[in-house]
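Report on the structure given below.
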Amino acid sequence: MPRTVQTPSEDPATGLRRHLDPDGQVVRPVPEELDETALLEMHRWMVFSRVFDDKMMALQRAGRIGFYGEVRGQEAGAVGCGMALRDDDWVFPALREGIIMLMRGFPLDQYVAANFGNALDVMKGRQMPCHYSARSVHQVSWSSSMATQLLHAAGAAYAAKVKGHDRVFMGFVGDGGTSESDFHAALNLAGVHKLPNVFVVQNNQWAISVPTRLQTGSASFAQKAVAYGFEGVRVDGNDVLAVYSAAKEAADKARAGGGPTLIETVTFRMGGHSSSDDPTRYRDAALLAEWEAKDPIKRYEAWLATEGLLDASGAKEVRNEAAKRINEASKRAEAADWPTPETLFDDVYAEMPPNLAAQRDEMLKANPDWKGPAH
Ligand SMILES: Cc1ncc(C[n+]2csc(CCOP(=O)(O)OP(=O)(O)O)c2C)c(N)n1
Ligand SMILES: [Mg+2]
């Protein structure tokens, strides 16, 4: 059996940092700096994420968008981390952290547009759906090549350290992504140079059809930090307050020059890996039911209700409001034009070289009426 290394922040009883138990009972004091507005904001974003998944999956099944990756079940991970960061900290996501962009004020229409690849999309339809990214909110794209984003996060943090910036660079990775050598190289670099990184392993129990136990011989992902010379924290990833407090401590430490932290969020991917996956082919229904009972939104709502901050009708209103905004944005996205063909040639060079301009002109001459695929 692998030896369990007790990392400093773990609760010896559960092995997990937890503020709320699965029934929504407080087991560790709620971070004081979170006022009522902040507490309700976290709820609003988790619900928004869930309703967004519902809508995008419906659009994908209706053939309106090509691909979608649900966050269902993992909402506390991205929302808790998003709340802990400053708006100018950089985020290098894995697959399910796009909501942080919306939390920072990225326009919903442009966010939805990324799934349609239409003219409103800041990436002009060149990316896969869901690979949200915008410099304006300091978020780079999903890295389709798993774990490479952690090297980018470490490299960017190195540059910030050299330049004397006080920003934090948060890199997410899935449990599956930790088997990539880039994971180790990034953590090593960050450990050697005490870089202002927070690495978050979203341990959602699966890497497509491969269960977590086939990704590591270690007793946890958090303990891997010890080998690189920094702290690892194992967190109940379905407790948004626990994710928040671990991420806030890690971000404060990184900003103050204390070096990196590795956070493992223990959670569960309730949906498929993506819209192309059918998890019923490799996963027991009983397991899903077990985790549905630990649903991060239900747990948080139970606590908010106990505190008198949100009742059932208030929670329903939050859902309805999210659905209204998302439905309206989706309608506008469906009605939007496609990127015009000549945009294919944009953004490669600051000044377009003559040979590329000639190719663009030739294409336009040969296809004068091309307006993109039919709606
Ligand atoms: C280097 C690399 N190998 C394989 C893949 C194919 N692939 C895409 S996602 C994925 C599993 C990801 O699992 P995990 O890291 O646990 O993230 P999760 O999907 O559970 O959020 C795989 C194998 C890839 N994108 N990149
Ligand atoms: Mg996974």
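General observations
- Listing of helices (runs of 4 or more DSSP H) fully contained in segment 61-143 that carry 1 or more residues being under 30 Å from Gly24 (Cβ atoms) and of a type in the set (Gly, Ala, Ser): 75-84
- Scanning segment 173-208 for residues that are touching a residue at least 60 places away in the same chain (Cβ under 8 Å) and away from ligand 2 (no atom under 11 Å from the Cβ) returns Leu187, Ala190, Gly191, Lys194, Leu195, Pro196, Asn197, Val198, Phe199, Val200.
- Residue within segment 289-296 that is under 28 Å from the mean Cα position of the chain (by Cα), among the charged types (D, E, K, R) and outside any loop (DSSP other than H, G, I, E, B) present: yes
- Residues (over 20 Å from Gly73 (Cα atoms), in contact with a strand residue (DSSP E or B) (Cβ under 9 Å, 6 or more places away or on another chain), in a loop (DSSP other than H, G, I, E, B) and within 15 Å of ligand 1 (Cβ to nearest atom)) located in segment 184-219: Gln215
- Of Asn327, Asn355, all but one fail to be more than 30 Å from Trp45 (Cβ to Cβ), polar (S, T, N, Q) and loosely packed, with under 14 Cβ neighbours inside 10 Å; the exception is Asn355.
- Every test in (1) assigned to a helix (DSSP H, G or I); (2) surrounded by fewer than 19 Cβ atoms within 10 Å (Cβ to Cβ); (3) within 16 Å of ligand 1 (Cβ to nearest atom) is passed by Asp252 save one, and that test is (3).
- Under the condition of being more than 22 Å from the chain's Cα centre (by Cα) and among the hydroxyl-bearing types (Ser, Thr, Tyr), the residues counted in segment 181-215 number 0.
- Residues of segment 292-313 that are surrounded by 15 or more Cβ atoms within 10 Å (Cβ to Cβ) and either in contact with a strand residue (DSSP E or B) (Cβ under 6 Å, 6 or more places away or on another chain) or of a type outside the set (A, V, I, L, M) (or both): Lys294, Asp295, Pro296, Lys298, Arg299, Tyr300, Glu301, Trp303.
- Candidates Leu20, Leu39, Leu59 - the one that is under 15 Å from Gly237 (Cβ atoms) and touching a residue at least 40 places away in the same chain (Cβ under 8 Å): Leu20
- Pro279 being surrounded by 14 or more Cβ atoms within 10 Å (Cβ to Cβ) and in contact with a Phe, Trp or Tyr (Cβ under 6 Å, 6 or more places away or on another chain): no
Since every read-out is calculated from the coordinates, none of them should be taken as a lab result. Just so you know, these numbers come straight off a predicted model, no measurement behind them. Don't worry about glycine lacking a Cβ; one is built from the backbone with ideal geometry, like all the others, and counts go over all protein chains shown.
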